[in-house]
Amino acid sequence: MHNFKKVGGIVLFIALCVVISGMFNFMLVPYSYIRVDVHNIQEKKYDDLYIGTSHGKAGINPLEVDKITGRKSTNLCLGGEYLEDSYFLIKEAVRHHKPKRIIYEADPGYWVTKPSQNTDYNMIYREFPPSLVKVEYYIAKNLSADFRNTIFPWYMCRNQYTAIPSIIKTKLSQEYKNYGTKVFKAENQSYEEEGFVHINRMKGVPKSKDNLILWDEAKVYQGNLEYFKKLVQYCKKNDIELIAITTPIPQETLEQYAEHYDDANKYFSKLMNQYNITYYNFNYMEEKEIDRSSDAFSDYDGHMYGDAAQNFSRILGKYLNRK
Amino acid sequence: MSLISMKFLLFVLIAVIGYYSIPKKFQWVWLLILSYIYYASSGIKIVFFILFSTITTYTAGILLHKISTCHAENQDTNRSFRKQQIISQKRLIVVTTLILNFGMLGILKYTNFVIDIFNHISGNQITFFNFLLPLGISFYTFQSMGYLLDVYWERYKPEFNFFRFALFVSFFPQILQGPISRFDHLAHQLFEQHTFNWAQAEVAVQRILWGFFKKMVLADNAAMFVDGIFNRYQEFPGLSIIAVLGYSIQLYGDFSGGIDVVIGIAGLFGITLKENFKQPFFARSISDFWHRWHITLGTWMKDYIFYPISLSKGMSRFGKFAKKTFGKKVGRTLPICAANIVVFLVVGIWHGAAWKFIIYGLYNGLIIAFSGLMAANYQKWKKACHINDKSKLWIVFQIVRTFILVNISWFFDRADSVRQALIMMKNAVTHFEITSLLNGSILETGKSVQNFSIIILIILLFGCAIVFMVSFIQENKIAVQQVLISRPVMIRWAVYLMLLFALPILGQPPTSSGGFIYAQF
């Protein structure tokens, strides 16, 4: 009887913690367009999937590419998406519908850094519905990480406390229930169809160099290499074509840090060649139609403005048609 | 497997459930298996090192005992010759084992330091080795060598069961950052049969929560601007004092928090580990500080370095010489001072392979030695100034004085080099302006960290206030945990909920690799 009371007390305490944590989760975790991206791969059938980083998100407009390729594609790139995230995104997509081709946008900066525990850390994982893929993703990403990521899923969003009223309002709206995207429309950017983020030109906003992470082969994050190999094997096993690209960056940045970018290009070319993967590094392609001036980019790191991305997407389409 | 990882919490949960579910006589076997799984999870290669230490120490312990028992059985034949033979045999075994184990530690930890010195002196460019540094090697080496010396001095009999001894060396909660346990205190607890006890488990969980609170709310918040200032010390000369005060908070929260977690986890298995901290910032002298900070390292040093040196023949000769030269009083104190300097030199070297750690150790040793030499003068001066030793004002003065002296040593501990430490110390005196605390420059120090703001400073002060309050109560000999456990369940729940939710709400992600600073030792 004594033990029963004790166990009952503990269960009650845990239940209380779960309820409080659930409340925080609702209040602090904002509605993000990853929810829409993940919903898309569950509901729609795509021929091509783009995975990669914010460069890909802002640089590839699937609708424009599709006009050239005649296929149907969606953009699953994301700022803070490392290869381990991309790998599980693909697995989740395949669970619903197997694509024919995957286009991996390789950003050298993401290969020489580790995923850091910031707001992006669990953004993709969080939106996955319960499944074995999610369990596998959890083991890969969260089991060795800080226990607060698991016990308090809102932990990385705790600094959003000032946005609590708007988060609650959004989550209670029809827009949220219907996976709407109007809520993501802001002055500087908007989320458009099929996962493309259109960055708007803003007058008087200085261009940042803060996000620039330079290539250094000695710092290559082994986790990326490991998941790249896994991705290659997974695509091979499932008969999915894998192509790698690197989106253009401003010519000014490329020239200023030529040595770093040249080394990165050599590294990726060698790596892709080793796995027999077609690799297009658009910084080194003699493609006159690409606008490489800093006018085409919102920063020196290489995030394209929406109009430049439309143009680049059409060029990308032509290259993808070559295969 | 970091102590703050989900993997570790699950590991502990499975370990505890298994521990109380299996037949009690196998509990220690279960702990041994888990300890090796835990250790191997960081790399199968490093298991070799702990096995090496275990095998050599175990074998030495058995041999020492065998030699002693043989001697006891053969007391009739040529006793004095035989005794000498026994002593030299035992000494050979001990010295060999000490060389093997400390040699291993030395090679892995200090080779590159020696190469660096050699390169500087000779102008050569010998390349550094990329040695694997096994998890907790400093801790388990000291623990097993303590056992070896105790057996050598016949303080207790050796452990005859190899696997039991292996558990003593590898017991998983403490292997990462101590405390450094003694065989006669820990071993019998490991091998005893334990029954699950709700009250004991609650106390253990309390301790774990409290440890995480100190680590995540205190240490990790402090680290945000401490790292900012130490990494860019030239940009913030006026904040050197703030940096070192912050480091005090960070190091205490990190190390003592980690130890709380370790003690709590051991408590879940019914095992009581030695305390490693006893309100160190209430210390009234540096010597007192080292009786309250990293206590198990301090007592290890006292028992295995200080006393053997103080009682050695060489030191006795030095004592006689000192008495003749400097008089009785000083002559009696000088050997103790010398032993203290050696002890703290070793403490410095133990902390890491760098000149700054050597200076850190020597600084502490010299202060203690100087205090020892001046003790009689201090008494005279106090008498002359009519200072009452027990007056509160005097005690506060002593605490503040010690705190300042300790903080000076932290410059060497935290800075990247001796040069940086000296520059920051100079800045602390020449560039300190009270306005630098109020003009917002402190917020600039954490610029590289997302969302760094005044709120973090407020959280840090709040955390400090809580920890100070608890420490103050403990300093007044009130057992906070026992007080809490005697409260009604609703009050306890409220406290636990607040502590638990403080971790994600007020805490920051860890900045040091592996989560805890001392986990890299």
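Checking A:269, A:298, A:293 one by one, the residue that is touching a strand residue (DSSP E or B) at 6+ places or on another chain (Cβ under 9 Å) and surrounded by fewer than 17 Cβ atoms within 10 Å (Cβ to Cβ) is A:269 and no other. Only one entry of A:121, A:125 meets the criterion of being among the aromatic types (Phe, Trp, Tyr), within 14 Å of another protein chain (Cβ to nearest Cβ) and closer than 26 Å to residue A:214 by Cβ, and that entry is A:121.
For region B:319-331, the criterion of being at pLDDT below 90, surrounded by fewer than 19 Cβ atoms within 10 Å (Cβ to Cβ) and closer than 21 Å to residue B:180 by Cβ is met by no residue.
Of (1) free of Cβ contacts under 8 Å to residues at least 24 places away in the same chain; (2) under 20 Å from residue A:36 (Cα atoms); (3) among the polar types (S, T, N, Q), residue A:119 satisfies all except one. Which? Evaluating residue A:119 over (1) free of Cβ contacts under 8 Å to residues at least 24 places away in the same chain; (2) under 20 Å from residue A:36 (Cα atoms); (3) among the polar types (S, T, N, Q) leaves (1) as the failure. When each of B:404, B:395 is tested for being surrounded by fewer than 12 Cβ atoms within 10 Å (Cβ to Cβ), closer than 16 Å to residue B:287 by Cα and either under 26 Å from the mean Cα position of the chain (by Cα) or hydrophobic (A, V, I, L, M, F, W, C) (or both), the lone residue that passes is B:404.
Close Cβ contacts (under 6 Å, 6 or more residues apart or on different chains) running from residues in region B:1-30 that are at pLDDT below 95 to residues that are charged (D, E, K, R) and not in a helix (DSSP H, G or I) comprise B:4/A:146. Of the residues making up region A:289-323, those that are closer than 16 Å to residue A:105 by Cα, among the hydrophobic types (A, V, I, L, M, F, W, C) and in a helix (DSSP H, G or I) are A:309, A:312, A:315, A:316, A:320.
Let's see how each residue does on (1) more than 16 Å from residue B:406 (Cα to Cα); (2) of a type outside the set (Ser, Thr, Tyr); (3) not assigned by TED's automatic domain parsing to the domain that holds residue B:170:
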site	(1), (2), (3)
B:228	yes, yes, yes
B:233	yes, no, yes
B:240	no, no, yes
B:243	no, yes, yes
B:249	no, yes, yes
B:260	yes, yes, yes
B:268	yes, yes, yes
B:290	no, yes, yes
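In the set B:45, B:25, only one residue is over 26 Å from the mean Cα position of the chain (by Cα), in a helix (DSSP H, G or I) and loosely packed, with under 13 Cβ neighbours inside 10 Å; that residue is B:25.
Restricting attention to region A:144-159 and to residues that are within 7 Å of chain B (Cβ to nearest Cβ) and in contact (Cβ under 8 Å) with a residue 60 or more places away in the chain, the residue that is nearest to residue A:125 (Cα to Cα) turns out to be A:152.
Only one of the listed residues (A:76, A:83, A:89) is free of Cβ contacts under 8 Å to residues at least 60 places away in the same chain and crowded, with 24+ Cβ neighbours inside 10 Å. That residue is A:89.
Only one entry of B:127, B:141, B:77 meets the criterion of being at pLDDT 90 or above, outside the structural domain of residue B:350 (by TED's automatic domain parsing) and either in contact with a strand residue (DSSP E or B) (Cβ under 7 Å, 6 or more places away or on another chain) or of a type outside the set (A, V, I, L, M, F, W, C) (or both), and that entry is B:141.
So that you can scan it fast, the table gives a plain yes or no per residue for (1) in the same structural domain as residue B:355 (by TED's automatic domain parsing); (2) closer than 30 Å to residue B:352 by Cα; (3) in a loop (DSSP other than H, G, I, E, B); (4) at pLDDT below 90:
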| residue | (1), (2), (3), (4) |
| --- | --- |
| B:402 | yes, yes, no, no |
| B:405 | yes, yes, no, no |
| B:408 | yes, yes, no, no |
| B:447 | no, yes, yes, yes |
| B:452 | no, no, yes, yes |
| B:457 | no, no, no, yes |
| B:461 | no, no, no, no |
| B:467 | no, yes, no, no |
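Screening residue A:156 against (1) modelled with pLDDT under 90; (2) more than 30 Å from residue B:454 (Cα to Cα) leaves a single unmet condition, (2).
Return yes when residue B:199 is surrounded by 22 or more Cβ atoms within 10 Å (Cβ to Cβ), aliphatic (A, V, I, L, M) and out of contact with any Phe, Trp or Tyr (no Cβ under 8 Å at 6 or more places or on another chain) and no when it is not. Criteria not met by residue B:199. For region A:1-105, the helices (runs of 4 or more DSSP H) that sit wholly inside it and include 3 or more residues that are within 14 Å of chain B (Cβ to nearest Cβ) are A:2-28.
Which ones in region B:6-55 are of a type in the set (A, V, I, L, M) and within 14 Å of chain A (Cβ to nearest Cβ)? Within region B:6-55, B:6, B:9, B:10, B:12, B:13, B:14, B:16, B:17 qualify.
Results for (1) assigned by TED's automatic domain parsing to the domain that holds residue B:12; (2) within 21 Å of residue B:295 (Cβ to Cβ); (3) surrounded by fewer than 22 Cβ atoms within 10 Å (Cβ to Cβ), shown as yes or no for each residue.
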| site | (1), (2), (3) |
| --- | --- |
| B:162 | yes, no, yes |
| B:168 | yes, yes, no |
| B:187 | yes, yes, yes |
| B:205 | no, no, yes |
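If you check A:41, A:34 for being within 20 Å of residue A:306 (Cα to Cα), under 23 Å from the mean Cα position of the chain (by Cα) and touching a residue at least 24 places away in the same chain (Cβ under 8 Å), only one passes: A:34. Screening the candidates A:135, A:112 for the property of being surrounded by fewer than 18 Cβ atoms within 10 Å (Cβ to Cβ), over 18 Å from residue A:22 (Cα atoms), under 20 Å from the mean Cα position of the chain (by Cα) and away from chain B (no Cβ under 11 Å) yields one hit, A:135.
The values are calculated or read from the model by the stated rules, or taken from the named source; none is laboratory data. Predicted model only: the values in this text are computed from it and were never measured. Because the Cβ atoms are built from the backbone with ideal geometry, glycine has one as well, and the counts that use them run over all protein chains shown.
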